[in-house]
Structures are given as C-alpha cells and as structure tokens.
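J.: Before I ask anything, let me first share the structure, which is written out below as structure tokens.
The values are calculated or read from the model by the stated rules, or taken from the named source; none is laboratory data. Remember, it's a predicted structure, so these values are computed and weren't measured experimentally. Here the Cβ positions follow ideal geometry from the backbone for every residue, glycine too, while neighbour counts run over all protein chains shown.
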Amino acid sequence: MEGCAVRRAVSVRRDMGKAFGRFKKESGKRFLEIGFFLAVMALTFRAVFAGQDAGELTAALRRMDPAGMAIAVALGMVFICMEGLMLRILLRTMGQKSGLLKCIGYSFVGFFYSGITPSASGGQPMQLYYMKKDGNRLGDSAVALMVAALCYKLALVCIGAGLLLGRYGMLRERMGGYFGFYVLGMVLNTLLVALILGVMLFPQIMTGMIAGAERGCVRAGVLKPKRERMEKVCRFVESYRDAVAFLKKHPGKLCLVMMLTFVQRSTVFILTWVVYWGMGLDGTDALTVIFLQAAVYIAVDMLPVPGAQGITELMYVQVFGRIFVGGTLTASMLICRSANFYMPMLVSLIVSAAAQLCARRDKNAGKAAGALSTSFGSRAAR
C-alpha cells in the first residue's frame, strides 16, 4: 500500500512539473506578445508626436469638453460590453447558463488577446478556453463565438459596401493613397464571411481542416500521434453540428444579435464625432465624420499588426487632416485612440489577469483536493 502511495506521489509531482513547464512556456509567449505590442506602441507614439509642440498639444487637449471626454470613454467601454451581451444571448439560446457579467468578462479577455496578437488571432481561442472552464459546452461556445464573428464581419461588409455605393468619391478623395487598404479590407472581410458561413453550414469542412492541421503537426513532430485526439475532435464537431442546428431554429435571436452588432460597431464610429463636437469644432457634418471613421476601421481591420497600431494613426492623419483643424488633429487622434483602444486595453489587461489568477486558483484547489483524497485513501487502506 505504501508503494502505491509513493507511486501516486511521484506521478503527482511529475504532472505538476509538466504543468509548471507548460505554464512557463505560455507565460514566456504572453510576455513576448505584450513586449511586441508595447514596442509597436512606442514606435507609433514616437512617429506621431515627432516635431509636435508640447504646449500646442496640451492646449488642444484642454479644448476637449469634459462631458465629451466622458461620453467618448463610455462609448469605448460600451463597445466591449455589447459583445458580452450578444454572447449571453447566444449561449442562453443554446441552454448554457453563463451570466451577463461572465460574458462581458469573456469579451474583455477577447479584446485584450486580440489587441496583442497579429490580425486579432488570439482573442477567440482565449475566450473559448475560459468559456469551457466555466462549464459551457465547447461546441456551444465555439458556435456562439463564430456567430458573433460572422455578425461582426458581415456588418463591416454591409457598411463598407454602402459607403462604396453612396460615398465613393468622398472615400477616394479623403483616403488618398490609403484607399487600397480599404479595398483590401473589404475583400478580406468578405472572404472571411464566406469561410465562416461555409464552416457553419457544412461542419464536415471543419472536421477536414482540423484533421489536416493535426496530421501536419504530427508530421512536423509538434504532436505525437494519438487516436484519442481525433476522437475528441469528432465529439467536438458533433456537438458543434448540434449547436448550429439548434440556432437555425431561432432566427429571431440571430436577427437580434445582428442588429446589436450594427449598434455596437456604430459606437466606435460615433466616438470620433463626439471628440469633434467636444473640441468645439464645426464645418463638417456628423455623418461625414462617422462615415470616414467607419472607412478607417474597415481598412485596418484585417491587417497583421497588433491593434493595427501605426497604420491606424497614419490613416487618421490622412483622412481627418482637413476636419480637425486649428492644431487639434494630433490631440483628437490621441483622445480617440485612447478611448477606443488604449484605455479598453488597460481594463482588458486587468480583467484578463484576474481571470488567469482565478483559473490558476481553481486548478490548484482541484489538485489539492485530489492530493488529499489520495492521502486519505492511502491511510484508510493501511
């Protein structure tokens, strides 16, 4: 009996060693991503503020009405919280019990990891991880995130197409040499909408994609061949197929999420006009400011740079150079980017860190409970 207890203790220690190794590897990766994000941010700020007069910039910032500043910051936060509301609607429709605050937490986690990874590629995997950890079915969570992404991209494609049809001349004139980025953004978003729809309507595509990726990783030596892994994939795809079929029976919920997505995207576009109004400027109508901000957003949405930093600021200067006059251009850009990206990133960092600490605490508690159970079992056997 004592030998069994020793073997269990050795096994627990080995598992803990492996877990610690994985933690170190993941932590190192996160630090690299955050470091790259900060480096890009530093280079962006250096380029933007080079040659700027500090006194002039300060005077321009003081022109901003406090009420306008508060509204701009609130719009930046509402943008993230509305995604949480949409996730809650989708998860509840599929029978999952995550509350609104939990879903808003998933949105902040997604915003943070999307912001520090190229093409916002890290957000959804981390959201999926925490959803699963909170007891949501993996298939349901994946479908909820995919529907949210589909609505998001579809909204951008619809808005972008409307701008091309109704304001083509304005776009070509104001965007200048950056108009090509707008076209690229439209093409990439349209292709992504088609891909997401294909995966949702034909789940076997997902099975083939995952199986192909798994085979590639095995051949490259990244993964060891395991039959259990593909069995898990098949169970996930089955769960995913059930969730998609269930959502098809609730078109009203899907329409509601689509409408909320349009409102959510509009908060970012309106934010720039709020800054324009808050600085006491006039001469350009609200719709023009809103449409131009939408064009910038679409143009940078799929670029492989964390947070689209650098290119967003350069495009902002090009597009709004004749709108934010009287030395207010750089100050307005600083306020807009702080309200719709940097401040939400800071809040998202805090939420993500808290989520990680809670996850680690729960994991440690589970291990401690398992160790106690093993210990008591060994004593009882003796």
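J.: Here are 43, 61: which of them is modelled with pLDDT under 75, farther than 14 Å from residue 267 by Cα and more than 22 Å from the chain's Cα centre (by Cα)?
T.: 43
J.: Still on this structure, please answer the following. Please go through region 245-257 and pick out each residue that is surrounded by fewer than 18 Cβ atoms within 10 Å (Cβ to Cβ) and either aliphatic (A, V, I, L, M) or modelled with pLDDT under 70 (or both).
T.: 245, 254, 256
J.: Given the residues 307, 327, which is the only one that is at pLDDT below 85, more than 21 Å from residue 71 (Cβ to Cβ) and buried (at least 20 other Cβ atoms within 10 Å of the Cβ)?
T.: Selected residue: 307, the only one of 307, 327 that is at pLDDT below 85, more than 21 Å from residue 71 (Cβ to Cβ) and buried (at least 20 other Cβ atoms within 10 Å of the Cβ).
J.: How many residues does region 172-187 contain that are within 16 Å of residue 288 (Cβ to Cβ) and β-branched (Val, Ile, Thr)?
T.: 0
J.: Mind checking which residues of region 112-123 are crowded, with 19+ Cβ neighbours inside 10 Å, on the phi < 0 side of the Ramachandran plot and either part of a loop (DSSP other than H, G, I, E, B) or out of contact with any Pro (no Cβ under 7 Å at 6 or more places or on another chain) (or both)?
T.: Once the filter is applied, which keeps residues that are crowded, with 19+ Cβ neighbours inside 10 Å, on the phi < 0 side of the Ramachandran plot and either part of a loop (DSSP other than H, G, I, E, B) or out of contact with any Pro (no Cβ under 7 Å at 6 or more places or on another chain) (or both), region 112-123 yields 112, 113, 114, 117, 122, 123.
J.: Now, a different point. Yes or no: region 151-163 includes at least one residue that is more than 17 Å from residue 194 (Cα to Cα) and not in a helix (DSSP H, G or I).
T.: There is no residue in region 151-163 that is more than 17 Å from residue 194 (Cα to Cα) and not in a helix (DSSP H, G or I).
J.: Being under 30 Å from residue 93 (Cα atoms), of a type in the set (A, V, I, L, M, F, W, C), surrounded by 20 or more Cβ atoms within 10 Å (Cβ to Cβ) and modelled with pLDDT under 95 narrows it down to one of 296, 275, 268, 300, so name that one.
T.: When all the criteria are applied, what remains is 268.
J.: Right, something else. Counting only residues that are in a loop (DSSP other than H, G, I, E, B) and closer than 30 Å to residue 282 by Cα, how many does region 61-104 have?
T.: 3
One line per residue, one yes/no per condition, for (1) closer than 15 Å to residue 142 by Cβ; (2) at pLDDT 70 or above; (3) loosely packed, with under 15 Cβ neighbours inside 10 Å:
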{"site": "182", "(1), (2), (3)": "no, yes, no"}
{"site": "186", "(1), (2), (3)": "no, yes, no"}
{"site": "193", "(1), (2), (3)": "no, yes, no"}
{"site": "221", "(1), (2), (3)": "no, yes, yes"}
{"site": "230", "(1), (2), (3)": "no, no, no"}
{"site": "236", "(1), (2), (3)": "yes, no, no"}
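J.: Can you find even one residue in region 139-154 that is among the hydrophobic types (A, V, I, L, M, F, W, C), surrounded by fewer than 21 Cβ atoms within 10 Å (Cβ to Cβ) and at pLDDT 90 or above?
T.: Yes; the residues of region 139-154 include at least one that is among the hydrophobic types (A, V, I, L, M, F, W, C), surrounded by fewer than 21 Cβ atoms within 10 Å (Cβ to Cβ) and at pLDDT 90 or above.
J.: Would you pick out the residues in region 131-143 that are outside any loop (DSSP other than H, G, I, E, B), within 10 Å of residue 91 (Cβ to Cβ) and touching a residue at least 60 places away in the same chain (Cβ under 8 Å)?
T.: 140, 143
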